[in-house]
1. If all Cα-Cα distances of the range 2-236 are sorted into 5 Å bins from 0 onward, what percent lands in each bin, rounded to whole numbers?
2. If you look at just the Cα atoms of the chain, how large are its Rg and its Dmax in Å?
3. When the chain is fully extended, how far beyond the present Cα-Cα distance does residue 258 get from residue 93, taking 0.36 nm per residue of separation?
4. Given +1 on the Cβ of Lys and Arg, -1 on the Cβ of Asp and Glu, and no further charges, what dipole in debye does the chain carry about its Cα centre, rounded to the nearest 20?
5. What number results when the radius of gyration of the range 332-504, computed over Cα atoms, is divided by 2.2 N^0.38 Å?
6. Distance cut-off 25 Å, Cα to Cα: go down the list 435/455; 399/503; 383/515; 399/432; 414/442; 344/432 and report the pairs above it.
7. What FRET efficiency would be calculated for the residue pair residue 223, residue 122, taking the C-beta separation as r and a Förster radius of 41 Å, to the nearest 0.05?
8. Could you compute the net charge surrounding residue 21? Neighbours are other residues with a C-beta less than 14 Å from the C-beta of residue 21; K and R count +1, D and E count -1.
Amino acid sequence: MNIIELHKINKFFGEGENRVHILKDVTFSVSDGDFVAIIGQSGSGKSTLMNIIGCLDVQTSGIYRIAGRDTNALNPDQLADLRGKYIGFIFQRYNLLATLPATENTALPAVYAGMGAKERTARADALLTDLGLHNKLGNLPSELSGGQQQRVSIARALMNGGHLILADEPTGALDSKSGENVMEILTDLNSKGHTVIVVTHDHNVANYASRVIEIRDGEVISDTRSRPMPENPPVIAARHFESPSLRDRLGARADQFKEAFRMSVQAILAHKLRSLLTMLGIIIGIASVVSVVALGRGSQAKIISDISSMGTNTIDIFPGEGFGDRHSGRIKTLTVDDAEILGKQMYVDSVTPNISGTSDLVYRNTTVTAQLNGVGEQYFTVKALEIDQGRLFTAEEVKANASYAVIDDNTYKKLFPSGGDAVGETILFKRKPLKIIGVLKKQEKTFGPSTDTLKVYTPYTTAMRKITGDKHISSITAKIRDSVMPLMAEKNLTALLTARHGKQDFFTINTDSIKKTIESATGTMTLLISGIALISLIVGGIGVMNIMLVSVTERTREIGVRMAVGAKRKNILEQFLIEAVLICIIGGILGIAMSRLVGVVFSVFVTGFVMAYSPGSMLVAMACSSFIGIVFGFIPARNASRLNPIEALSRE
Ligand SMILES: Nc1ncnc2c1ncn2[C@@H]1O[C@H](COP(=O)(O)OP(=O)(O)OP(=O)(O)O)[C@@H](O)[C@H]1O
Ligand SMILES: [Mg+2]
């Protein structure tokens with residue numbers, strides 16, 4: 001049976017005027033088990049013919065059948081399959097992958113043919129051992145002599161069975177001793193049933209063959225047989241690759257994926273600095289996105305908790321037209337009656353009128369300037385203030401204008417620098433005696449104006465009637481029932497007071513709406529800065545694409561070798577895509593790590609609030625970087641997979 005049949009094969013190179021006719025009506029067949037030498041001078045078209053026989057290149061016209069199949073009817077992947085499973089190539093320059101040890105170079109065709117990892121390593125080792133390389137299994141090609149490398153490439157050719165062995169000048173780069181050795185191995189393989197075709201310009205090499213075909217200027221000029229074909233040539237057991245079970249196919253795919261992954265890691269590690277520099281864009285991009293989001297969330301949380309400490313669900317009513325109204329201090333519009341009427345509204349939980357004034361505070365022989373706040377008994381609940389010593393005043397005491405005072409932590413520290421019990425002591429504010437009944441806890445979180453003011457709290461009745469004599473109050477704080485929407489309450493309350501006063505001579509501050517405003521403001525900021533950071537991610541992605549394009553160019557020959565031993569387009573695509581995605585994911589992880597580092601440094605220098613990292617933003621960052629890997633890795637990976645194997649192989 002003929003394993004190959006060539007019928008009027010023509011090959012042209014170039015276009016238009018540069019079009020050259022390299023192979024001219026080449027017609028011959030090779031039967032199974034034969035040993036053929038194709039001989040001819042340099043430039044006669046031997047390699048071109050060999051590439052067509054090896055399904056690495058296609059003829060311009062004519063019919064070529066291999067194992068009965070017309071190659072014209074096969075697509076690139078089917079051709080790759082054919083190469084992988086039937087043909088073993090031996091190149092003049094060995095074409096071993098520089099980063100893989102002998103065993104793995106040998107096993108490569110089996111990866112693409114779908115053989116399990118254990119099985120293929122065992123087979124590769126056995127083949128290498130047969131060829132006398134048992135002590136070189138783990139060596140890289142650079143650690144082997146030319147003859148040894150050529151033996152590794154023979155082992156690789158045999159890996160998937162090597163039904164048809166194609167050797168293009170296999171001895172060309174070797175000294176005569178190693179050359180003889182290689183030819184003896186090929187002769188031996190032929191005697192075991194392998195069909196061997198050798199291309200050479202050397203008659204000594206051709207003498208090993210049973211049949212010599214000579215070509216000149218692309219034409220067959222002689223075809224002579226020196227040894228007859230044996231009657232019953234041994235047949236190598238056909239390896240069964242056809243229609244494996246789904247499970248086997250999936251297993252093989254998983255194995256190929258694993259292999260592609262490993263190769264990608266190797267490729268990244270082979271150029272550590274370059275990989276790191278490539279990742280830098282991604283690292284900076286991811287680190288800034290994650291940090292900005294964490295910073296935004298952290299500051300937002302801080303502000304919100306500060307606002308919460310102002311009291312939850314409260315509405316403050318001040319005289320004047322708004323914050324910064326310079327006359328608001330002098331405008332006297334709010335009265336205790338206003339507060340009382342507000343207190344009777346359904347939607348109001350509690351109300352406290354506030355009155356404040358600043359004056360000298362005297363305790364024994366210490367005089368300080370303090371702010372007196374006349375408040376209702378509910379003020380402390382509304383403002384979430386807690387007691388440290390003593391107690392707060394009661395509703396009865398407010399009604400009875402009791403001369404009691406609660407002082408804050410600042411005042412306590414000023415008046416009682418050596419500590420001790422303040423409760424029961426008497427202080428003078430505007431020369432009016434007030435008895436201290438309680439001291440407030442230090443307020444950790446503060447929002448708004450300076451916190452150094454000394455504050456003394458007394459019932460508003462006491463403040464109005466005994467101390468200031470004022471008929472008006474400086475503000476009203478209303479706590480809204482939980483079931484009521486703060487905005488609705490604010491609207492109602494504004495309408496009510498406007499009606500009472502005849503005009504709106506006051507303004508309201510709703511902690512809830514402040515909270516919302518701040519939330520949306522920090523949200524917008526975060527979005528904005530994240531957007532800028534995103535641009536750096538894209539720049540990083542372009543960097544990745546650039547380096548992948550370089551990587552593909554650099555490894556064109558490697559791609560060619562992989563294709564020659566049976567890698568399909570999707571295998572090549574997969575490998576480069578994995579590499580790009582891997583670079584981006586590692587960059588992403590390093591970016592997150594860097595951002596955490598920023599957080600640690602930040603927490604050392606900035607006290608008060610921490611960066612709030614959210615797993616969500618990190619996940620998004622990782623997804624982003626994988627996505628960038630896929631997007632920017634795709635074009636280089638596709639370029640690689642679309643390479644013509646023969647062009648790839650001839651690239652230096
Ligand atoms: N891709 C190509 N484009 C244009 N011309 C080509 C191409 N490949 C080969 N040729 C030409 O085809 C002719 C045959 O080349 P080929 O490589 O087949 O020669 P060869 O017989 O193998 O020679 P050698 O013994 O030096 O290896 C040469 O003249 C070469 O210049
Ligand atoms: Mg050649």
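Read-outs: derived from the displayed coordinates by stated rules, not from any lab. Values in this document were obtained by computation on a predicted structure and should not be read as measured data. Note that we place each Cβ from the backbone using ideal geometry, even for glycine, and neighbour counts take in every protein chain shown.
1. 1, 7, 14, 18, 20, 17, 12, 7, 3, 1, 0
2. Rg and Dmax of the chain, Cα atoms, are 44.0, 133 Å.
3. 56.5 nm
4. Taking the Cα centre of the chain as origin, the dipole is about 1860 debye.
5. 1.07
6. In this structure, 399/503; 344/432 lie more than 25 Å apart at Cα.
7. For residue 223 and residue 122, the calculated efficiency is 0.50.
8. Overall, the nearby charge balance is 0.
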